[in-house]
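See structure below.
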Amino acid sequence: LNWQPGDLSCEGMPRPHGEGARLRFSGFAGELELAIIIAMPTLERGVAMQGVPSNVTIIEEGLGRFFSAADLETCWTDIESDSPVGDNGVYRVEGVLYCIAPLAEIGGNASVTLDELEFVGRLGWETGL
C-alpha cells in the first residue's frame, strides 16, 4: 500500500483507561476496503519513543475478516515525532511500525505479513478524531 493523504482516512484517539492511544487508517487497495488499527498502550503524548509495544489489526471492511497480532510481543512502533498541531489537543504522530511475525486471521487459516509500515497520522488526545 502507498496511501496518500487524499486516499485515506485517519482517526486517532486515546485508549480506554488512559492506556496510550490508537490510530486507525482506512482506504482502498484496489476493490478492497481496508482498515489498519495500531494500538500503542504505552504511547505518551508529545514524546518521541522507540520500541513502543503495539497491537495491530487489519480489517477487510464489509467482509468481516480480521487479522491481528497475537500479543504485544510481535509488533512495535518507533515514534519519530509526536507534536501538537495548534492548541486543541490534536497531535501529528509520525512513526514506523515493525512486526516480526504474520498477523493471523481471526477465525480463519490465513495470515498477513506486515514487516514495516511507515505512517503519519492525527491523534486527538482530548476527545479523539
Met13, sole failed condition from (1) of a type in the set (A, V, I, L, M, F, W, C); (2) assigned to a strand (DSSP E or B); (3) open to solvent by less than 50 Å² (accessible area, probe 1.4 Å); (4) under 19 Å from Trp125 (Cβ atoms): (3)
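Quick grid of which residues meet (1) open to solvent by less than 30 Å² (accessible area, probe 1.4 Å); (2) in a strand (DSSP E or B); (3) closer than 18 Å to Glu118 by Cα:
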{"site": "Arg24", "(1), (2), (3)": "no, yes, yes"}
{"site": "Val56", "(1), (2), (3)": "yes, yes, yes"}
{"site": "Trp76", "(1), (2), (3)": "no, yes, yes"}
{"site": "Asn88", "(1), (2), (3)": "no, no, no"}
{"site": "Leu97", "(1), (2), (3)": "yes, yes, yes"}
Can you tell me which residue among Leu103, Leu32, Leu72 is of a type in the set (A, V, I, L, M, F, W, C), surrounded by 16 or more Cβ atoms within 10 Å (Cβ to Cβ) and touching a strand residue (DSSP E or B) at 6+ places or on another chain (Cβ under 7 Å)? Leu103
If you go through region 27-49, how many residues are over 20 Å from Ala101 (Cβ atoms) and either assigned to a strand (DSSP E or B) or small (Gly, Ala, Ser) (or both)? 10
If you check every pair at least six apart or on different chains, which have Cβ atoms under 9 Å apart with a residue in region 40-68 that is under 30 Å from Gly108 (Cβ atoms) and of a type in the set (Lys, Arg) first and a residue that is open to solvent by 20 Å² or more (accessible area, probe 1.4 Å) and part of a loop (DSSP other than H, G, I, E, B) second? Arg65/Ile106; Arg65/Gly107; Arg65/Gly108; Arg65/Ala110
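The values are calculated or read from the model by the stated rules, or taken from the named source; none is laboratory data. Source: prediction; values computed, not measured. Using ideal geometry, Cβ is built from the backbone for each residue, glycine included, and neighbour counts are taken over all protein chains shown. Quick note on the areas: whole protein, heavy atoms, side chains included, nothing else; ligands and nucleic acids left out. Shrake-Rupley method; radii C 1.70, N 1.55, O 1.52, S 1.80 Å.
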